[in-house]
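The values are calculated or read from the model by the stated rules, or taken from the named source; none is laboratory data. Here the structure is a predicted model, which is why all the values come from computation and not from measurement. With ideal geometry, Cβ positions are generated from the backbone for all residues, glycine too; neighbour counts draw on all protein chains shown. These accessible areas exclude ligands, DNA and RNA; they are computed on the full protein's heavy atoms, side chains included. Shrake-Rupley method; radii C 1.70, N 1.55, O 1.52, S 1.80 Å.
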Amino acid sequence: MNKTNMRKAVRSVFKWILWMFLAQFVLINISGIIYGYKLTHFYEPLPGATDETPSRNIFVKTWRIFKGPTYRKITNEESPEFPYQTIQLLTKDGLSLEAWYIPVDSSKGTVILFHGLGGNKSNILKQAYEFRYLGFTVMLVDMRAHGRSNGNITTMGFCESEDVKLAYEYISKKGEKNIILYGFSLGSVVIAKAFYDYNIAPSRIILEIPFSNMRKLIGVRGKMIGFPEKPFGSFVTFWGSIEQGFNGFRQDTYKYVQKINCPVLIQCGETDIFASPAERDVIFKNIPVSEKKLVVYEHAVHQSLLGADPLKWRQEISEFISK
């Protein structure tokens, strides 16, 4: 082969490699656009609809991974065991948020509870019962796009801080002076952001298994599907931010907690993949109040810590809210 033919062959291979990388880049961005939409939307369950059945066909599997999962809005909720009132809160965008208000006689205060991503208020009933047992009135809130509240779009905490403000104001207008906020996963991040966005002043707050930032949350969810965590988290955060009109790269829990102005209890799982030990330490360090405590549950993951270690959870909660 002469030099001219050799150069042509090299150029041909080089062009082929460039086209291959370009095609991969385009496909990654298309997938990012799809997942940016899918991971921020919950769909109303259709009558008679069933989940996709598992398939061994490699093409079916590849297509399902590429197009992304469909997340249903879970509206079926277990009702409280105690008498309760159903409350409706109205957001500035006209969304109606449903909440359960469960009063107790001779109440020591009111605990407002916020669930995690993709859940609803019935998921935190067990925690609510514990607070009620300790003598507190409880209020459980379905955040926007969750449970029986209006909406289908979640902003992973960016706009949901208003949900916290509305619930806090509702209880405050009742004349309650001792208001405690409890958040689970996304609920804990939303509480922290409510301090960052609004002038709320609860007596105490409990942040359970907060995730570190939006990139981490999406990246880990992508890893669970089959994607590499870091590029997936960045690509989907980028496209999700464009689609929803906010900067997801600035969605950092360590920044939000800097505005907290009351005693804080943070509880985390030792092996929680949504927040590394270094990340949760940064979150804790950035809380500017002196009365704060970080409790780590051995062998616990991103899960209900009441379920992981009931005795320890009850002891920590009781000590914290009784001060």
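Looking at region 146-209, the chymotrypsin sites (Phe, Trp or Tyr not before Pro) that sit in a DSSP loop and have at most 16 other Cβ atoms within 10 Å of their own Cβ are TYR198. Per-residue extension of 0.36 nm, minus the Cα-Cα distance of VAL13 and ASN199, leaves a gain of 60.8 nm for this segment. Note on the chain: with neighbouring protein chains present and a 1.4 Å probe, carbon and sulfur make up 58 percent of its accessible heavy-atom surface. Rounded to the nearest 20, the Cβ-based charge dipole of the chain about its Cα centre (Lys and Arg +1, Asp and Glu -1) stands at 1660 debye. Here the sum of -39500 (n - 2.57) over DSSP H runs of 4 or more residues, divided by the residues of the chain, equals -13500 deg cm²/dmol at 222 nm, to the nearest 500. Spin-label model, HIS299 to ILE242: label points 7 Å out along the Cα-to-beta-carbon direction sit 4.6 nm apart. When only alpha carbons are used to place a centre, region 252-268 and region 104-152 end up 20 Å from one another. Recomputing mean projected area of the Cα convex hull in nm² from the coordinates shown identifies the correct label among [x] 20.3; [y] 16.0; [z] 21.4 as [z]. Could you give the angle, 0 to 90 degrees to the nearest 10, between helix 310-321's Cα long axis and the longest principal axis of the Cα atoms of the chain? The angle comes out at about 60 degrees. Here the label points at LYS312 and LYS230, each 7 Å from Cα along the C-beta direction, are separated by 3.1 nm in the simple model. Can you give the % of DSSP beta bridges in the chain that are antiparallel, to the nearest 5? For the chain, the DSSP antiparallel bridge percentage is about 30. Karplus-based coupling profile of region 160-169, in residue order and whole Hz: 5, 4, 5, 4, 5, 4, 5, 5, 4, 5, with θ = phi - 60° in 6.51 cos²θ - 1.76 cosθ + 1.60 and x standing for Gly or Pro.
Charges were assigned to the Cβ only: +1 to each Lys and Arg, -1 to each Asp and Glu. The resulting dipole of region 133-279 about its Cα centre is roughly 160 debye. Each label was represented as a point 7 Å from its Cα along the Cα-to-Cβ direction; for ASN178 and SER96 these points are 3.4 nm apart. Dipole size of region 204-264 about its Cα centre, with +1 on Lys/Arg Cβ and -1 on Asp/Glu Cβ: approximately 140 debye, rounded to the nearest 20. Surface analysis of the chain yields an accessible area of 50 Å² per residue, using protein heavy atoms and a 1.4 Å probe.
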